[in-house]
Amino acid sequence: MKKELIAELFDRFEKACYLYEDVECWSARELMEILGYSKWENFKNALEKAKTACEKAGEKTTSHFVDVAKTVDLAKGAKRKVEDMALTRYACYLVAQNSDPTKQEVAFAQTYFAVQTRKQELIEKRLLDVERVTAREKLSQSEKKLSQVIYERAVDEKGFALIRSKGDMALFGGFSTSEMKLKLGVPDSKPLADFLPSLTIKAKDFATELTSHNVLEKDLKGQNQITKEHVENNTAVRKMLVQRGIKPEALPPAEDVSKVKRRLVSEEKSLPKAADKIEK
């Protein structure tokens, strides 16, 4: 396929995109023309096959194929409403996969929408990774803050470790920190929180913040009082999660957050460097 045709098709696909209820979509009528089809009846076969593929993939067709009416211009200024569909990026990919592969336009579309869909998936995954790393860093800050608060109230480092352990048992339904590490396959040398999903990390962070606040607010002193407070806070957070059908100890482990962080840093370094100046 010549570069000129690739550039032309890329431009046509980009320009055909529009927002339908805040979702990027393409008109089936426009897509039909771009893919080199001349008759709607023939193109509808590809649409129906794409819908079937969508259902088999476990997706709702109504979430990707939306019937809409389109007005077309006729001779002497007349207008007529015709059948059309708003197609999501995923729907367009399925349509391309079920269109005539001998057409150059179809071959381009298959690659275009596959790459664009994959790009969106990568963006979504990166955002989730960033969110998890941020949540883990926030938990570290909250635990550091709590340690400083309780050290001023006659609790040493060993006592702080015991307080955190009791808090974990309350949050994880009786499982101790070491038992949770064994359950999730966490190495002894690594913190449990590094392998927890974002939801659990945030739950631990919330309970820790509550403890810091209440230790100061209630002027609690000594390991026993602070332990009791921390256990109550973790129990309350667990109760809220369980009421919503979530048991923290039953959630699967996540990738080591330190590896996720290194990957994010590596990706950032590989991004193209911005030019120092804008050439005019």
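The values are calculated or read from the model by the stated rules, or taken from the named source; none is laboratory data. Nothing here was measured: the structure is a model prediction, and the numbers come from that model. Please note: Cβ atoms are built from the backbone with ideal geometry, for glycine as well, and neighbour counts cover all protein chains shown.
Here are the numbers:
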{"read-out": "Where I150 falls short, out of the listed (1) under 28 Å from the mean Cα position of the chain (by Cα); (2) surrounded by 14 or more Cβ atoms within 10 Å (Cβ to Cβ); (3) assigned to a helix (DSSP H, G or I)", "value": "(1)"}
{"read-out": "Selected residue (only one of S27, S38 is without any contact (Cβ under 8 Å) to a residue 60 or more places away in the chain and either assigned by TED's automatic domain parsing to the domain that holds Y90 or within 27 Å of the chain's Cα centre (by Cα) (or both))", "value": "S38"}
{"read-out": "Some residue of segment 60-75 being touching a Ser or Thr at 6+ places or on another chain (Cβ under 8 Å), surrounded by 18 or more Cβ atoms within 10 Å (Cβ to Cβ) and in a helix (DSSP H, G or I)", "value": "no"}
{"read-out": "Candidate set from segment 100-140 (those that are more than 23 Å from N42 (Cβ to Cβ) and polar (S, T, N, Q)); member that is modelled with the highest pLDDT", "value": "S140"}
{"read-out": "Enumeration of residues in segment 13-40 that are closer than 18 Å to D100 by Cα and surrounded by fewer than 11 Cβ atoms within 10 Å (Cβ to Cβ)", "value": "S38, K39"}
{"read-out": "Options A69, A28; residue that is more than 20 Å from A107 (Cβ to Cβ), in contact with an Asp or Glu (Cβ under 7 Å, 6 or more places away or on another chain) and not polar (S, T, N, Q)", "value": "A69"}
{"read-out": "Per-region count, segment 105-149, residues out of contact with any Phe, Trp or Tyr (no Cβ under 9 Å at 6 or more places or on another chain) and more than 27 Å from V23 (Cα to Cα)", "value": "13"}
{"read-out": "Any hit, segment 183-194, residues being closer than 20 Å to Y151 by Cβ, of a type outside the set (V, I, T) and surrounded by 15 or more Cβ atoms within 10 Å (Cβ to Cβ)", "value": "yes"}
{"read-out": "Positions within segment 1-44 being in contact with a helix residue (DSSP H, G or I) (Cβ under 6 Å, 6 or more places away or on another chain) and in a loop (DSSP other than H, G, I, E, B), in sequence order", "value": "M1, L35, G36, Y37"}
{"read-out": "Filter result for the condition that a residue is touching a residue at least 12 places away in the same chain (Cβ under 8 Å) and surrounded by fewer than 15 Cβ atoms within 10 Å (Cβ to Cβ), over F10, F43", "value": "F10"}
{"read-out": "In segment 180-212, the residues that are under 20 Å from K239 (Cα atoms) and either outside any helix (DSSP H, G or I) or aliphatic (A, V, I, L, M) (or both)", "value": "M180, A193, L196, P197, L199, I201, A203, A207, L210"}
{"read-out": "Filter result for V155 (out of contact with any Asp or Glu (no Cβ under 7 Å at 6 or more places or on another chain), part of a loop (DSSP other than H, G, I, E, B) and either farther than 15 Å from L31 by Cα or in contact (Cβ under 8 Å) with a residue 24 or more places away in the chain (or both))", "value": "yes"}
{"read-out": "Residues of segment 204-251 that turn out to be in contact (Cβ under 8 Å) with a residue 24 or more places away in the chain, surrounded by fewer than 14 Cβ atoms within 10 Å (Cβ to Cβ) and closer than 21 Å to K181 by Cα, as a count", "value": "1"}
{"read-out": "Residues located in segment 158-179, provided they are surrounded by fewer than 19 Cβ atoms within 10 Å (Cβ to Cβ) and assigned to a loop (DSSP other than H, G, I, E, B)", "value": "G173, G174, F175, S176"}
